[in-house]
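All remarks here apply to the structure that follows.
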Amino acid sequence: MDIALLSMALSQGQVQQQASMSVMKQAIGSAEQQGAAFQKLLNTADIQALQHAAQPHLGGNIDLKG
């Protein structure tokens with residue numbers, strides 16, 4: 001077996017693994033930022049406004065007939 005060819009293949013495999021790890025770290029960082037932003041939004045949001053946004057049809061009408 002050719003040592004140079006084996007060395008090149010091993011090197012390419014290491015580069016591919018490093019690239020995959022880099023992309024994964026970026027994706028994890030992005031997910032963490034989105035999660036933190038969502039958590040901040042939930043902590044600062046008005047609960048009634050969130051409930052109304054989820055179910056806007058509730059509470060808009062009052063039945064005055066008995």
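The values are calculated or read from the model by the stated rules, or taken from the named source; none is laboratory data. Keep in mind that what you see is a predicted model, and the values were worked out from it rather than measured. Note: ideal-geometry Cβ built from the backbone for every residue, glycine included; neighbour counts use all protein chains shown.
Taking region 28-66 as the range and being assigned to a loop (DSSP other than H, G, I, E, B) and among the aliphatic types (A, V, I, L, M) as the test, the residues that pass are ALA45, LEU58, ILE62, LEU64. Out of LYS25, LYS40, one residue alone is surrounded by 10 or more Cβ atoms within 10 Å (Cβ to Cβ) and at pLDDT below 95. It is LYS40.
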